[in-house]
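Each remark here refers to the structure printed beneath this line.
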Amino acid sequence: MVSVISNVETGHDDMIHDAQMDYFGTRLATCSSDRSVKIFEVKGSSHTLIANLKEHEGPVWQVAWAHPMYGNLLASCSYDRKVIIWQEDGHKWKKIHEHSTHDSSGETLQGEILNSVCWAPHEHGLVLACASADGSVSILTSTAHTWEAKKISNAHSIGCNSVSWAPAVASGSADGSGRAGGGGGASPVPRLVTGGCDTYVKIWRLDGASGEWVEESKMEGHSDWVRDVAWAPSIGLPRSIIASCSQDRRVIIWVNDGVTGVWQPRELNTFDDVIWHVSWSVTGNILAVSGGDNKVSLWKENLDGQWVCLSDSNKGHPPSEQRTL
């Protein structure tokens, strides 16, 4: 059952677009159409505002925490065409980098919007992927106190709405022997999944020889804009799983068995409203789905390979009839 354990009064003056807990669950970052990013210290049911960051010049769509081995770093993206990377220095937060090289003719609103940011698994280094409404994906890599940018131009023909990294643990390596640089085998190749306004979900692979990102798979299944994609964490099974959600009110689970290399779609459910976000649990076996109807539902695959709705936050109790895939 989904239950509310705490409410946070953020003090934002407009709609909140994203809220993310850090790695340890002790910091909460929020962002809003009021152009601000706020950071709260979380202790039990108490929440204390510790930073109110106001460098953006437009609505802020998304925030993302880096792995703590790189310190306290937060990325934010906005309608103002900027990605800002923030760092905690002592007890103060400051801007350490700003990326704003996405093309825009100024004639349309789409080219001005940065839609999504996602940090790579720490095994790949301090690397940030940024999805833009101009259809491109920028990859920012921190090297020797500078940030190098590479671009996947025209990743999606109309616009790119979301981006998510593949886990750095190779499929089938439950003991972690397949981790990048782990010495127990070949390091996993960096991969990304993106979702776009062209209705496609795409897999991108970093080519070791050329150093360029190449399209590996193009998955068709949605009939409208893909709003979010999420690559499930690896739990040692040979397969890989991606969840995508769309303006078409559907969530699709894409499964690669690790043998054929083919991504097979399975429709999780058709919902009552647009689905905006999908998010996996740390163990990768529970999927949270949220949409325009203000509902959050949790889904889990059972032993028969069916996806079962465990709970719906709007109802406050488990559904009387479990929906299965």
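The values are calculated or read from the model by the stated rules, or taken from the named source; none is laboratory data. No experiment lies behind these values; they were computed from the predicted model shown. Neighbour counts run over all protein chains shown; Cβ positions are idealised from the backbone, glycine included. Remember, those area values only see protein heavy atoms, side chains included, never the ligands or the DNA or RNA. Shrake-Rupley method; radii C 1.70, N 1.55, O 1.52, S 1.80 Å.
Were the residues from Q20 through N285 laid out at 0.36 nm apart, the gain over their Cα-Cα distance would be 93.5 nm.
Computed over the chain, relative contact order equals 9 percent, with contacts defined as Cα pairs under 8 Å that lie 6+ residues apart. Considering only Cα atoms, the convex hull volume of the chain works out to 147 Å³ per residue. Legend: calculated FRET efficiency, I158 to H91, from the Cβ-Cβ distance at R0 = 56 Å, rounded to 0.05, equals 0.80. Of the residues F24, F271, ranked by 1.4 Å probe accessible area with the largest first, the sequence reads F24, F271. Annotation: amide H of R35 within the under-5 Å range of V60, sequence separation 5 or more or interchain, hydrogens built in the peptide plane.
Distance between the 7 Å Cα→Cβ label points at E267 and N72: 4.6 nm.
Rolling a 1.4 angstrom probe over the chain with all protein chains present gives an accessible area of which 48% lies on carbon and sulfur atoms.
Averaging the sequence gap over all C-alpha pairs within less than 8 Å and six or more residues apart, then dividing by the number of residues, gives region 123-171 a relative contact order of 36 percent.
A crude spin-label estimate for the pair K300 and E148, with each label 7 Å from Cα along the Cβ direction, gives 4.4 nm.
Normalised by residue number, the volume inside the convex hull of the Cα atoms of region 3-149 is 123 Å³ per residue. Using the Cβ-Cβ distance between L310 and D207 with R0 = 45 Å, the FRET efficiency computed as 1/(1 + (r/R0)^6) comes to roughly 0.65.
Give me the percent relative contact order of region 211-291, please, defined on Cα pairs under 8 angstrom at least 6 residues apart. Present the calculation step by step, with values, prior to reporting the outcome.
Details: 164 pairs, mean separation 21.3, N = 81.
So the answer I get is 26 percent.
Counted over region 1-87 with a bin width of 5 Å, the fraction of Cα pairs per bin, in whole percents, is 3, 15, 27, 24, 19, 10, 3, 1. Taking a point 7 angstrom from the Cα of E9 along the C-beta vector, which residues in region 19-45 have backbone N less than 19 Å away? Under cut-off, by backbone N: 28-31, 38-45.
Solvent-accessible area per residue in region 1-98 equals 53 Å², computed with a 1.4 angstrom probe and all protein chains kept.
In square angstrom, what is the accessible area per residue of region 196-325 with a 1.4 angstrom probe?
Result: 48 Å² of accessible area for each residue.
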